[in-house]
Amino acid sequence: MPELPEVETLRRQLFQEIRGKRIRTLAVYDAKLGPAPNLEGRKINSIRRQGKFLEIVLDDGSVLRLHLRMTGRLFRCDVAEDTNVPAHTRFRLFLEDCEIIGVDPRRFATLTLEQPNRHGPNLPDLLKNPDPSAFQQAARKRRLAAKVFLLDQAVFPGMGNIYACEVLHSAGVDPRRPASEVTREEWETIGREMRRILNLAVRCRGTSVSDWRDLHGNAGEFQHHLRVYGREGMPCPRCGSGVERIVLGGRGTWFCATCQK
DNA sequence: CGAACGACCTGTTCGC
DNA sequence: TGCGAACAGGTCGTTC
């Protein structure tokens, strides 16, 4: 569920709430997540985002790395009211004066502690400078649908199903086109629309199309800006013809066959 | 190497 | 109202 804008929303809110604070303990309640590492006394130096990964950097250089997958959520609350935690609580990070609760009904989310100096390659940040040349280069031998290619996390870190549909609609590119046949000019448009849409979605604190909530339990606002995602049969805001739904790469894909070429 | 598909889980919605 | 099927924001491993 959470895509780049939702994860970035959490990163910014976590920065406000927990940066510089000391950890009392990390409690894990789902065996799938593995044993809870001992984090007692560690201080939180910073919060980073790599694609859809949230990284909590600790004062000994180790990194608590979290991926929310489909249904993972984080909520901040006062430790005082801890008798009734939400359903599907999978872990609780206790701090000096509050706690962060990890909730995940489907149990796809992951939580790992990485040791210092083991950072992978530095990924591009789609919020800042999408690089059309890099996109076209990566698409060279890819015959798969452009929409499926946009979900390749090595090329588009953080891109997810909702925003892939919206970016291709705004760029006027048919999601079924083979990725390798998208032109240089179209990659430039896609990069521009990607940056615009993702930044707007961050300002909206994400898309609450069903049940996404931010760190404080509030819904996002970007669902009011959706033009095609989830809007089968409704008029395309640009040309008025009906939005269609197809399946690409096993995922629902919404688009306008009239203005996406 | 690239691509298709099932698996991982559970909750919600839809059709009969 | 009840019940089963379909579907859901994401990735990974296996197979072709």
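Where a number appears in this text, it was derived from the coordinates with a stated rule and is not lab data. None of the values given here were measured: they were computed from a predicted structure. Note that each Cβ is placed from the backbone with ideal geometry, even for glycine, and that neighbours are counted across all protein chains shown.
Assorted remarks:
- Cα gyration tensor, chain A - rounded (a/c under 1.5), prolate or oblate: prolate
- Remark: the range A:1-103 carries a charge dipole of roughly 360 debye about the Cα centre, counting +1 on each Lys and Arg Cβ and -1 on each Asp and Glu Cβ.
- Helix axis angle, A:4-18 relative to chain A longest principal axis, alpha carbon, degrees: 20
- Each residue of the range A:202-215 is assigned a 3J(HN,Hα), and the resulting list reads 5, 4, 7, 6, x, 10, 9, 6, 9, 9, 5, 9, 7, 4 Hz, derived from the Karplus form 6.51 cos²θ - 1.76 cosθ + 1.60 (θ = phi - 60°), x at Gly and Pro.
- Computed about the Cα centre, the dipole magnitude for chain A is approximately 660 debye when only Lys and Arg (+1) and Asp and Glu (-1) carry charge, each at its Cβ.
- Projecting the Cα atoms of A:226, A:14, A:38 onto the charge dipole of chain A, computed from C-beta unit charges around the Cα centre, puts A:226 farthest toward the positive end.
- Positive-end extreme of charge dipole, chain A - chosen from A:187, A:243, A:170 (charges on Cβ): A:187
- Under 28 Å between alpha carbons - lysine pairs in the range A:4-155 that sit 8 or more apart or on different chains: 11
- Rounded if a/c under 1.5, otherwise prolate or oblate - the range A:1-55, Cα gyration tensor axes: oblate
- Packing-based ranking, highest mean first, of A:12-25, A:53-66 given that Cβ atoms within 10 Å are counted: A:53-66, A:12-25
- Between the Cα long axis of helix A:161-171 and the first principal axis of chain A there is an angle of about 40°, rounded to the nearest 10.
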